[in-house]
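The values are calculated or read from the model by the stated rules, or taken from the named source; none is laboratory data. As the structure is a computational prediction, the values presented were derived from the model and not from experiment. As a convention, Cβ positions derive from the backbone with ideal geometry for all residues, glycine included, and neighbour counts pool all protein chains shown. Heavy atoms of the whole protein, side chains included, go into the accessibility calculation; ligands, DNA and RNA do not. Shrake-Rupley method; radii C 1.70, N 1.55, O 1.52, S 1.80 Å.
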There are 2 protein chains.
Amino acid sequence: MKTDKILLGHGSGGSLTHDLISSLFLKHFTNPILDVQGDSALLDISAWEISMTTDSFVVDPLFFPGGDIGKLAIAGTVNDLAVSGAVPQYLSAAFIIEEGFPLADLERIVISMAAEAKKANVHIVTGDTKVVERGKCDKLFINTTGIGILDEEHEKICCGCKVEAGDMILLNGAIGNHGMAIMAERNELNLSAKITSDCACLNHMIAKVLDAGVRVKFMRDATRGGLSTVLHELVKGKDFGLEIEESALKVDEEVQGICELLGFDPMYVANEGKVVMLVHHDDAQKALEILQSDEFGKDASIIGEIVGSHLGKAYINTSIGGKRILDMLSGEQLPRIC
Amino acid sequence: MKTDKILLGHGSGGSLTHDLISSLFLKHFTNPILDVQGDSALLDISAWEISMTTDSFVVDPLFFPGGDIGKLAIAGTVNDLAVSGAVPQYLSAAFIIEEGFPLADLERIVISMAAEAKKANVHIVTGDTKVVERGKCDKLFINTTGIGILDEEHEKICCGCKVEAGDMILLNGAIGNHGMAIMAERNELNLSAKITSDCACLNHMIAKVLDAGVRVKFMRDATRGGLSTVLHELVKGKDFGLEIEESALKVDEEVQGICELLGFDPMYVANEGKVVMLVHHDDAQKALEILQSDEFGKDASIIGEIVGSHLGKAYINTSIGGKRILDMLSGEQLPRIC
């Protein structure tokens, strides 16, 4: 049966499902492991310790300047693995599709996922497709779950248990772009300059820093909840505090503008290509230079420091000489930005 | 904030998300790996080869006789790993929740997942929560992705490349229960006897067969598309065929009744606790006895055989002496049964 829309039968496990898998998913995601088409994928793992992470993506709209739900679904999971110190290797991809969804849009998204996976050097090895009736989901949701290989020397990065006063805090560029790109697109704001999402896989950039021997103590990508939430979590309940300098933070002019217009604080707006990196004091300059040499870290800066005072609290020193506490996002600022 | 319903803020990544994670997910799923609460879970893997599988669950209704979406989300993924010959070990759990969903129902489902995971001896090590606006998803969808450890001697089970004429086909009980339990519940059919889903984790039963040294050639669980679809796929494009005996198949009386009433063929109705197992001819009796000694295999039987004739085709010898070809499910029989 030829159709240009997703039918309920595409999720039945029968012949339509098989057609969809072979003509779309296998075609674009093809690799020797996926092509076996078993209920499970068989993976060679050259390590005794692995890292595993999962994320569902429900972003609205599906397409936005700088990316789409497919690119986001790869980058989000790749970055979660990379910030744990692991080398991302294998991903699963599970689709929940609304009946009637245009096949052309699905193909565009699948192609975007394949391209991003290739860039990040990860393989999509297993998948699932479910179709729900019209009105029972919003167009398309994607879950990706990832596995990365963890080197013994990096296994303490994930827990952050080596963080200590004096460690420097780095950030690889401007904040707030992803959330505001979604917001502008959703509200069809007519802006003079388009805001582009920072959505990107950061694993290669992070690997450069680790491979250079920089003593990385902790990393986290500043997604939902924004930079402020990450910094708050970083010190919460710990026997150290942190201070960052507002003057060291970068916010693009257009992002600043729309934030002011709509009443958002860029510190709480989601990013999809920003990593907060804590490194040993003596390695900060080296790490900064490596970040700045990467396409996703050109605007990197040292934004602050771990301190032995005000334990458990994160402070920002404002540009006008004030001091403000950084809290976690409370309530909902922007639903469905990822 | 005290609330008995899911709010959009529960998916924001901020403080409400944290409350939900600690008061619900961590409380019930607790284990040392999950409790670290990193972006990724760190897993010790005592093997060089692992098996990975993913499934999203969109079953409607969420609660049904014999199970609920939570139990199903564990059993479905555990079984996909087990039929690949792997020992299921770690699961991720990702929730997409509709705004306004009752927290009490979510807790009931989470408790059900925790109980089933305990039975199957698997650990939920990482998770994700997204909340979408009212009307943008149907109550609750769950994705589980699983990792299992694969023993070298079982690595050929997944591909089925050792299957040959003479191999016997076993099934661990009656067919059609899951699909018809969902159907009856959905349509509020007033049946004299309740149909109970066969939803169960089969990994321990399968392990008994493997550990006894039975030469298992291939396994698959007969879920979406039913037994017929699995048997069709098993021989499609292969240089062997198969024949099964209708008289060896079991269909519960109530399942038969509702299938006739609503015009379904039990051969195409989904199961969630049935495994099709191909074993070496000489090991069939031994495998049968092991299956029958297990709570989920009491009604196991040898249903047929791999044959060297009618290559690529699956036949059923009917009880009245006829012969019918088994095809794949075409179109949609029953949407959202898993």
For strands (runs of 3 or more DSSP E) lying entirely in segment B:30-146, having 3 or more residues that are under 30 Å from residue B:162 (Cβ atoms) picks out B:49-57, B:86-98
Requested in this report: Tell me, please, whether a residue that is charged (D, E, K, R) and farther than 28 Å from residue B:237 by Cα can be found in segment B:167-187.
Outcome: yes
Residues in segment B:298-313 that are β-branched (Val, Ile, Thr) and surrounded by 21 or more Cβ atoms within 10 Å (Cβ to Cβ) total 2
Is it fair to say residue A:176 is touching a Gly at 6+ places or on another chain (Cβ under 9 Å) and either open to solvent by less than 30 Å² (accessible area, probe 1.4 Å) or not assigned by TED's automatic domain parsing to the domain that holds residue A:95 (or both)?
yes
Of the residues in segment B:296-338, those that are free of Cβ contacts under 8 Å to residues at least 24 places away in the same chain, part of a loop (DSSP other than H, G, I, E, B) and either away from chain A (no Cβ under 14 Å) or aliphatic (A, V, I, L, M) (or both) number 3
Restricted to segment A:2-20 and to residues being within 8 Å of chain B (Cβ to nearest Cβ) and open to solvent by 40 Å² or more (accessible area, probe 1.4 Å), the residue nearest to residue A:154 (Cα to Cα) is A:18
Residue B:254 vs (1) open to solvent by less than 40 Å² (accessible area, probe 1.4 Å); (2) not hydrophobic (A, V, I, L, M, F, W, C); (3) not in a loop (DSSP other than H, G, I, E, B): all pass except (1)
Of (1) hydrophobic (A, V, I, L, M, F, W, C); (2) crowded, with 24+ Cβ neighbours inside 10 Å; (3) more than 25 Å from residue B:282 (Cβ to Cβ), residue B:193 fails just (2)
Considering residues that are at the interface with another protein chain (Cβ under 9 Å from one of its Cβ atoms) and more than 15 Å from the chain's Cα centre (by Cα), the number found within segment B:85-108 is 7
Picking from A:155, A:188, A:107, the residue that is open to solvent by 10 Å² or more (accessible area, probe 1.4 Å), free of Cβ contacts under 8 Å to residues at least 60 places away in the same chain and more than 25 Å from residue A:248 (Cα to Cα) would be A:188
Condition set modelled with pLDDT of 95 or more and open to solvent by 10 Å² or more (accessible area, probe 1.4 Å), scope segment B:134-152, selection farthest from the other protein chains (Cβ to nearest Cβ): answer is B:134
Screening A:295, A:289 for residues that are within 30 Å of residue A:65 (Cα to Cα), over 21 Å from the mean Cα position of the chain (by Cα) and open to solvent by 30 Å² or more (accessible area, probe 1.4 Å) leaves only A:289
- Task: Kindly check whether there is at least one residue in segment A:30-45 that is within 16 Å of residue A:113 (Cα to Cα) and among the small types (Gly, Ala, Ser).
- Result: no
Residue A:23: passes all of (1) at the interface with another protein chain (Cβ under 7 Å from one of its Cβ atoms); (2) surrounded by fewer than 21 Cβ atoms within 10 Å (Cβ to Cβ); (3) polar (S, T, N, Q) but (1)
Taking segment A:59-84 and the residues there that are more than 26 Å from residue B:41 (Cα to Cα) and within 14 Å of chain B (Cβ to nearest Cβ), the one that is least open to solvent (accessible area, probe 1.4 Å) would be A:62
Worksheet entry | Verdict on residue A:29 being within 10 Å of another protein chain (Cβ to nearest Cβ) and touching a strand residue (DSSP E or B) at 6+ places or on another chain (Cβ under 6 Å) | no
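This table checks each residue for (1) of a type in the set (A, V, I, L, M); (2) outside any helix (DSSP H, G or I).
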| site | (1), (2) |
| --- | --- |
| B:189 | yes, yes |
| B:197 | no, yes |
| B:201 | no, yes |
| B:209 | yes, no |
| B:219 | yes, yes |
| B:223 | no, yes |
| B:232 | no, no |
| B:258 | yes, no |
Those residues of segment B:27-57 that are open to solvent by less than 30 Å² (accessible area, probe 1.4 Å) and not polar (S, T, N, Q) come to a total of 11
Residue set B:325, B:316; condition β-branched (Val, Ile, Thr), touching a strand residue (DSSP E or B) at 6+ places or on another chain (Cβ under 9 Å) and surrounded by fewer than 13 Cβ atoms within 10 Å (Cβ to Cβ); output residue B:325
When (1) open to solvent by 50 Å² or more (accessible area, probe 1.4 Å); (2) farther than 17 Å from residue A:197 by Cα; (3) touching a residue at least 60 places away in the same chain (Cβ under 8 Å); (4) part of a helix (DSSP H, G or I) are applied to residue A:237, the one that fails is (4)
| said: Against the definition (assigned to a helix (DSSP H, G or I) and farther than 21 Å from residue B:298 by Cβ), how does residue B:165 come out, yes or no? | reply: no
When segment B:283-303 is checked residue by residue, the ones that are closer than 14 Å to residue B:218 by Cα and touching a strand residue (DSSP E or B) at 6+ places or on another chain (Cβ under 6 Å) are B:284, B:287
The lone condition residue A:48 fails out of (1) closer than 23 Å to residue B:97 by Cβ; (2) facing chain B (nearest Cβ under 7 Å); (3) of a type in the set (Phe, Trp, Tyr) is (1)
Within segment A:259-281, the residues that are aliphatic (A, V, I, L, M) and either at pLDDT 95 or above or crowded, with 20+ Cβ neighbours inside 10 Å (or both) are A:267, A:269, A:270, A:275, A:276, A:277, A:278, A:279
From the option list A:177, A:172, A:143, single residue qualifying as in contact (Cβ under 8 Å) with a residue 12 or more places away in the chain and under 20 Å from residue B:52 (Cα atoms) is A:143
